[in-house]
Each structure stands twice: as structure tokens, then as C-alpha cells.
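The values are calculated or read from the model by the stated rules, or taken from the named source; none is laboratory data. Keep in mind that this is a model prediction, so the values were computed, not measured. Positions of Cβ are generated from backbone atoms using ideal geometry, with glycine treated the same way; all protein chains shown enter the neighbour counts. In case anyone asks, the SASA skips ligands and DNA or RNA and just uses the protein heavy atoms, side chains included. Shrake-Rupley method; radii C 1.70, N 1.55, O 1.52, S 1.80 Å.
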Amino acid sequence: ESIDLSNNKELIYLNIKGCKLTSLDLSNHPSLTYLDCESNQLTTLDVSQNTDLASLLCEDNMLTTLNVSMNNDLIYLSCFSNQLTTLDVSKNKDLTYLYCFNNQLTNLDISSNTALTYFDCRENLLTSLDLSANTALTTLLCLDNQITSLDVSANTALSGLFCDGNQITSLDVSANNALTSLTCSNNLL
């Protein structure tokens, strides 16, 4: 399935979730700020021409790669339930919400994402997370990875920490005075 948007050059908002699309051409839409193409059958998604994009929802597709390096205004990224092995968000300095769970990520550098408040990276293959630059972080879900140590001392705004199902041997939450929810079962604590 496909959709022809070539004549709709003024599009700024596009919601086409659940349409069984196998391809999507967004090259003529530089003003697009919101894209929801979740629950389709996309194997590729090129958003390099959509430089005004602030919200991208492309979860539940079959993406193996996702390049968001040209989307400097991106605030909200939801790319969970794909087949991503890498994700580079270093150019997305304003990123506030990142949902990348249920992929095959082995590494994820979020040191450039200092505005990040909500981060859900559960159900991946991550062995470590450097959260030292993410001082605005309020919610972290990193369940079901292979993380061996987790330093949340810089994340003093953290109110929810969910790190179940990892290989964490010790966890120090003494600096996290705002913490209201903590789950850390099925670790090596």
C-alpha cells in the first residue's frame, strides 16, 4: 500500500497510522512538523527533508534504520517496536521524550539530549547507559536489558525509575529525593 502526497506541499500535520503502508515519500514536505506513521509495514523512512519535524511517531513498523540527524527541532521521538540496531540522537538537542523500546539497540548515546525528561529504552540489548548529562530526566524505563551498573546520581529530578530485569549489582538512589516510583526486581542486587 502507498499514498501519493506529492501535490500536498503545504502539509504540516500528517497522521497515517495503521494504513498498511509499505512506502512513504515525504521528500516534498519541508514544513512537516508532526508525523504519525505508526502501525504500518514500513521498512524504510526518510525524514531528512523534513527539517521542521518536531514530533515523529513511527513505532510498530519494520524499520532497521532511522536517520534523524537532519531533524534538529525534534522534541518527541517514538520509534519503539521496530528492528533498530542503532539510533543516533546526537543532533536532536531539544529532544524531550524518547520512546525506543522493543528494538535491538546495543548502545545508545543520549549525552547530547540534556532536555530529555522521559526516556523509555526497555526491551533492548543495552549493557550500559550514561545518564550524567540528563539532569532534567524525570522518568527512566530501562527494563529488560543487560545493564550491569546504573548511575543515577546526576538525575536528581527523577521521579520514576524502572530498571527491572537487568544485571545490576548495586543501585544508589540516595541523590534521588524526588523519586516516587522505583522498581528494580530481577537484578543481581
How large is ³J(HN,Hα), in whole Hz, for each residue of region 95-101 in order, when computed from phi with the Karplus curve 6.51 cos²θ - 1.76 cosθ + 1.60 and θ = phi - 60°, using x for Gly and Pro?
-> 4, 10, 10, 10, 10, 10, 6
Counting Lys and Arg as +1 and Asp and Glu as -1 over every other residue whose Cβ sits under 14 Å from the Cβ of L57, the net charge comes to -4
Region 76-161 - accessible surface per residue (Å², probe 1.4 Å) = 38 Å²
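Over region 1-55, give the accessible area per residue in Å² for a 1.4 Å probe, as an integer.
Values: 3000 Å² over 55 residues.
Per residue, region 1-55 has 55 Å² of solvent-accessible surface.
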Once the dipole of the chain is set up with Lys and Arg at +1 and Asp and Glu at -1 on Cβ about the Cα centre, which of N186, S31, S55 lies farthest towards its positive end?
-> N186
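Explain nothing, just the number: relative contact order of the chain, from Cα pairs under 8 Å at least 6 residues apart, as a whole percent.
Values: 582 pairs, mean separation 20.4, N = 189.
It comes to 11 percent, rounded to a whole number.
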Report the net charge of residues surrounding L158, where surrounding means a beta-carbon distance below 13 angstrom and charges are Lys +1, Arg +1, Asp -1, Glu -1.
-> -2
Whole-Hz Karplus ³J(HN,Hα) for region 158-170, in order, using 6.51 cos²θ - 1.76 cosθ + 1.60 and θ = phi - 60°, x for Gly and Pro?
-> 4, 10, x, 10, 10, 10, 4, x, 10, 10, 6, 9, 8
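Grab the beta carbon distance between D25 and Q167, set R0 = 30 Å, and tell me the FRET efficiency rounded to 0.05. It would help to have the intermediate numbers written out before the result.
Numbers: r = 43 Å, r/R0 = 1.44.
FRET efficiency, D25 to Q167: 0.10.
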With all pairs of different alpha carbon atoms counted, what Kirkwood hydrodynamic radius in Å does region 56-135 show?
-> 12.4 Å
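For the chain, give the percent of accessible area contributed by carbon and sulfur heavy atoms, probe 1.4 Å, rounded to a whole number.
Values: 4100 of 8730 Å².
The C+S portion of the solvent-accessible surface of the chain is 47 percent.
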How large is the charge dipole for region 51-179, taken about the Cα centre, if only the Cβ atoms of Lys, Arg (+1) and Asp, Glu (-1) carry charge, to the nearest 20 debye?
-> 120 debye
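If you wrap region 1-136's Cα atoms in a convex hull and average its projection over all directions, what's the area in nm²? It would help to have the intermediate numbers written out before the result.
Details: hull surface 28.1 nm².
The orientation-averaged projected area of the Cα hull of region 1-136 comes to 7.0 nm².
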